[in-house]
Amino acid sequence: MAAIIDKIRVADSFSKAAGTYDKAAALQQDVGEQLLEWLDPSICATGRILDLGCGTGYFSRHLTDIYPHRDLICLDIAQGMLQHARSTRGLSGAHWLCADAEALPLAENSVAQLYSSLAIQWCSSLTQLFKELARVLNSGGSAVISSLGPSSLFELRESWADVDQNVHVNKFVALEEVLAALPVNLQVERQRREIRVLEYNKLSEITSELKNIGAHNMNVGENKGLTGRARVGKFKSNYESFRQKNGKLPATYEVYYLLLRKK
């Protein structure tokens, strides 16, 4: 079951992280670059390109290279991200939209190619999300999507598990649940799942990186009060049990990629 996401907090958190995001987003950039390879530059001679969850616009500029002279819509729920992207990317021809992916302010059959990397995990209803994607994609249009699965950051989750019952780590849904939410007119042409393990010297490097990319816990049920020193100490001690033989602390990410086609 998908977690209940606080979208106001999502928008606020990512807006505040706009200036620090790119320097801390090595994983996000690598995943997004792999997703770019799933695009077919010859697939659509006409029609709009939609960068859904464009963030800082890091991949928006790549999309203009792949699809030159095409209308590009850069859409994100975080106004701060859009402002940062507009001021730094130099994409004068792009259309910037602050909107919710589950309520797209776009006409039916108006998008030929959709690109969305590590964004849909912040949606509340996958069924509603894919309903919207199917609505705005034209017949034969495609969507390439990457997202995170439930094994992501399991070390953080397990380290908190015996400290208290609060929600400390974002909950991500399984690929099977994502596929089950697809409408009949959105068909899977390709899919891939992978496990990434990042390595760090200290736990503070992990938590600082998450803060700098704005990926705070967005789930309803998070403890908004202060976390006591004893609890934090227990959490840190628990995480140390994951330290590897090479002396590094791991942070695991489950990433999946999808190529969808509207029939």
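The values are calculated or read from the model by the stated rules, or taken from the named source; none is laboratory data. Being a predicted model, the structure only gives us computed values, none of them experimental. Cβ: placed from backbone, ideal geometry, glycine included. Neighbour counts: every protein chain shown.
Being surrounded by fewer than 18 Cβ atoms within 10 Å (Cβ to Cβ), closer than 29 Å to ALA251 by Cα and in contact (Cβ under 8 Å) with a residue 12 or more places away in the chain, is that true of even one residue in the range 62-69?
Yes, the range 62-69 contains a residue that is surrounded by fewer than 18 Cβ atoms within 10 Å (Cβ to Cβ), closer than 29 Å to ALA251 by Cα and in contact (Cβ under 8 Å) with a residue 12 or more places away in the chain.
Can you tell me which residue in the range 66-81 is farthest from the chain's Cα centre (by Cα), limited to those that are of a type outside the set (A, V, I, L, M, F, W, C) and part of a loop (DSSP other than H, G, I, E, B)?
Step by step, filter the range 66-81, then rank; the result is HIS69.
How do the pairs read when you match residues in the range 123-142 that are within 27 Å of LYS171 (Cβ to Cβ) with residues anywhere that are polar (S, T, N, Q) and surrounded by fewer than 16 Cβ atoms within 10 Å (Cβ to Cβ), using Cβ under 7 Å and keeping only pairs 6 or more apart or on different chains?
ALA134/ASN185
What are the residues in the range 42-77 that are of a type in the set (A, V, I, L, M, F, W, C) and over 12 Å from LEU91 (Cβ atoms), if any?
ILE43, CYS44, ALA45, LEU50, LEU52, ILE66, LEU75, ILE77
Of the residues in the range 99-135, how many are within 17 Å of LEU39 (Cβ to Cβ) and small (Gly, Ala, Ser)?
4
Can you find a residue that is of a type in the set (S, T, N, Q), closer than 27 Å to ASP12 by Cβ and at pLDDT below 95 anywhere in the range 194-205?
No, there is no match, as no residue in the range 194-205 is of a type in the set (S, T, N, Q), closer than 27 Å to ASP12 by Cβ and at pLDDT below 95.
Restricting the search to the range 209-263, which residues are β-branched (Val, Ile, Thr) and modelled with pLDDT of 95 or more? Spell out the reasoning first.
Step one: of the range 209-263, the residues β-branched (Val, Ile, Thr) are 213, 220, 227, 232, 252, 255.
Within the range 209-263, THR252, VAL255 meet the criteria.
Which residue is nearest to ILE5 (Cα to Cα), if the candidates are limited to the range 97-113 and must be in contact (Cβ under 8 Å) with a residue 60 or more places away in the chain and out of contact with any Gly (no Cβ under 7 Å at 6 or more places or on another chain)?
By that ranking, first place goes to ASP100.
Within the range 38-65, can you find the residues that are part of a strand (DSSP E or B), under 24 Å from LYS16 (Cα atoms) and either in contact with a Lys or Arg (Cβ under 7 Å, 6 or more places away or on another chain) or hydrophobic (A, V, I, L, M, F, W, C) (or both)?
LEU50, LEU52
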